[in-house]
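The structure appears below as structure tokens.
The values are calculated or read from the model by the stated rules, or taken from the named source; none is laboratory data. Computed from a predicted model, the values in this text were never measured in an experiment. Cβ atoms come from the backbone with ideal geometry, glycine included; neighbour counts cover every protein chain shown.
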């Protein structure tokens, strides 16, 4: 572990700093995002712990990385998720990648892609390129969530 730490010192230093932060320092960080925050209005809660992956590397003893990684067997019959537990922001993306990796045949030939497009209307659409589709899905989402649109 120490060999990995020395080869990834900047990340190791950051992680140690995060663990050693005092409540006062954490609150000061919160105030950078919400300057009107008052300490008495907030309650601390443990939300989870950051997890890192140590991956083999040719020139080092290992590379320390954040996040999650999907690993599938050669025959695609088995997949595992290594690293941090995914939250809502990544869970759908990871699930789709499992489907693409392990169920390619069904996705391409058995109607699964059409079903995914029904469940996820933007599936297969690059919203960074298709501005109209992006505007439409944002408007639809805002309507469902009863949000005002600009």
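A few comments on the model shown:
- Where a residue in segment 12-40 is in contact (Cβ under 8 Å) with a residue 12 or more places away in the chain and at negative phi and its partner, wherever it lies, is loosely packed, with under 12 Cβ neighbours inside 10 Å and outside any loop (DSSP other than H, G, I, E, B), with Cβ under 7 Å and at least six apart: 27/39
- Residue check, residue 30 over 25 Å from residue 116 (Cβ atoms), modelled with pLDDT of 75 or more and not in a loop (DSSP other than H, G, I, E, B): yes
- Residue list for segment 9-23, filter: in a helix (DSSP H, G or I) and either under 30 Å from residue 63 (Cβ atoms) or modelled with pLDDT of 90 or more (or both): 9, 10, 11, 12, 13, 14, 15, 16, 17, 18, 19
- When residue 127 is tested against (1) loosely packed, with under 11 Cβ neighbours inside 10 Å; (2) modelled with pLDDT of 90 or more; (3) part of a loop (DSSP other than H, G, I, E, B), exactly one condition is not met: (1).
- Taking the criterion of being exposed (fewer than 12 other Cβ atoms within 10 Å of the Cβ) and more than 23 Å from residue 72 (Cα to Cα), the residues of segment 108-124 that qualify are 114, 118, 119.
- Each residue in segment 65-107 was checked for being assigned to a helix (DSSP H, G or I) and either surrounded by 13 or more Cβ atoms within 10 Å (Cβ to Cβ) or at pLDDT 80 or above (or both), and 17 of them qualify.
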